[in-house]
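Rule-based calculations on the coordinates, nothing more; no lab input. Quick caveat, the model's predicted, so the values are computed rather than measured. Cβ placement follows ideal geometry from the backbone for every residue including glycine, while neighbour counts extend to all protein chains displayed.
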Amino acid sequence: MNAREIRPGVLALGAQDFDRRLFDELIPLPDGTSYNAYLVSGSEKTALIDAVDPEKIHVLQAQLRDVEKVDYMIVQHVEQDHSGSVPWVLERYPNVQILTSAKAKPMLVDHLHIDPERITTVADGETISLGDKTLEFLYAPWVHWPETMLTYLREEKIMFTCDFFGSHIASTELFVTDKERVYEAAKRYYAEIMMPFKTMISKHLKRLEDYEISMIAPSHGQVYDEPEFIIDAYRHWVLDEPRNLVLLPYVSMHGSTQVMVDHLITALVDRGIEVAPFNLTVTDLGKLAEALVEAKTVVFGTPTVLVGPHPSVVSAAYLIAALRPKLKYAGVIGSYGWGGKAPETIKSLTAALKLEWLDPVMVKGLPREEDLLRVSELAEELARMMKGE
Ligand code: FEO
């Protein structure tokens, strides 16, 4: 697509990647993604904010074909989906100067082998003038790398936020039109990328209260011309208490664990508790991450494989611990043939979350009536704890 104006003198550049289905070789992208860049032209100087993934460099090259001069290349974040085509920008504009944070400079040298002579660091709160436009830089570490910074265009009150407030959506629409779709994608994105750093994110949200923001221009997904929509959503995800939702990631090999999972779902629903089951053999991990944003409890369902949990459950437990959700309570249900230590392994994998654990319900073989009674008791105890009774 061609460059499009979002405000006078401010162009949205970048590429829509409708076909990409995986990010970091890990994160599913059901809606593709975009790599947004922005060109801000003042009366004297011009700045390019972020670039694109090298896979889409031809799109940026076409958009800049008729742009004779760029004075500043502002690198808000070193991850290659935004910075990977910066070396080309340096070739295209031999006098362009990279402006970036102090932490980003050595990272650009390491990751992209950029000549340090071409990099100027800016301090937190520093401004540069483009003539009739002023850019202010705000350090925003750990959204989601340590070097990230945001850029505020004072005259137009636009906050450029790179990954912060982003969403993995490819679309021909420049601004958010379908709020429901964007909310879901942005929540999923928050869960996958930002949730482990929610303490830092809450500080950045607080700092942004001092800025009058008429537009948020992220480097993934659509531009927010009603910024309070996404700011309010982030406040909810970061600050609000988790709700009475039980996340139930599970695997069943021969049906025994499935019987227990089904019984637990029924028993919890009968007690007014919502359950989000995820059969890990078919689960979209982004959906599981998204459910973690608001869940109060996780119950793992696992058969026993070589004395431990099923490897897919191990993987899910590792991921859940790494994402640092607001979970409070946890349990394990499952089955075994002749022995094993599945609950102990799951507990140690998630130790960093400091969860309150209920007694596991592990059953030898296919569950009997008395085993399902234990599952019902687990549901009763969980419901009582979650409701604060
Ligand atoms: Fe979109 Fe952290 O890169």
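Side notes on the structure shown:
- Within the span defined as the range 153-165, one or more residues are assigned to a loop (DSSP other than H, G, I, E, B), of a type in the set (A, V, I, L, M, F, W, C), within 16 Å of the ligand (Cβ to nearest atom) and under 16 Å from ARG207 (Cβ atoms).
- Residues of the range 349-389 satisfying the condition of being closer than 16 Å to TYR329 by Cα and in a strand (DSSP E or B): GLU356, TRP357, VAL361
- Among the residues of the range 89-109, the one identified as under 23 Å from HIS220 (Cβ atoms) and surrounded by fewer than 17 Cβ atoms within 10 Å (Cβ to Cβ) is LYS103.
- Looking at GLU68, GLU79, GLU44, just one residue is free of Cβ contacts under 8 Å to residues at least 40 places away in the same chain, out of contact with any strand residue (DSSP E or B) (no Cβ under 7 Å at 6 or more places or on another chain) and under 28 Å from GLU117 (Cα atoms), and that residue is GLU68.
- Scanning the range 60-93 for residues that are hydrophobic (A, V, I, L, M, F, W, C) and within 16 Å of the ligand (Cβ to nearest atom) yields a total of 5.
- Of all residue pairs spaced 6 or more apart or on separate chains, those with beta-carbon atoms under 8 Å, a first member in the range 163-184 that is among the basic types (Lys, Arg) and a second member that is crowded, with 22+ Cβ neighbours inside 10 Å are ARG181/ILE169.
- Applying the criterion of being crowded, with 20+ Cβ neighbours inside 10 Å and hydrophobic (A, V, I, L, M, F, W, C) to the residues of the range 78-88, the residue that is farthest from LEU39 (Cα to Cα) is VAL78.
- Of all residues in the range 216-236 being part of a loop (DSSP other than H, G, I, E, B) and under 16 Å from the mean Cα position of the chain (by Cα), the one that is farthest from the ligand (Cβ to nearest atom): GLN222
- For the range 32-58, residues that are within 16 Å of the ligand (Cβ to nearest atom) and either among the aromatic types (Phe, Trp, Tyr) or crowded, with 21+ Cβ neighbours inside 10 Å (or both) total 11.
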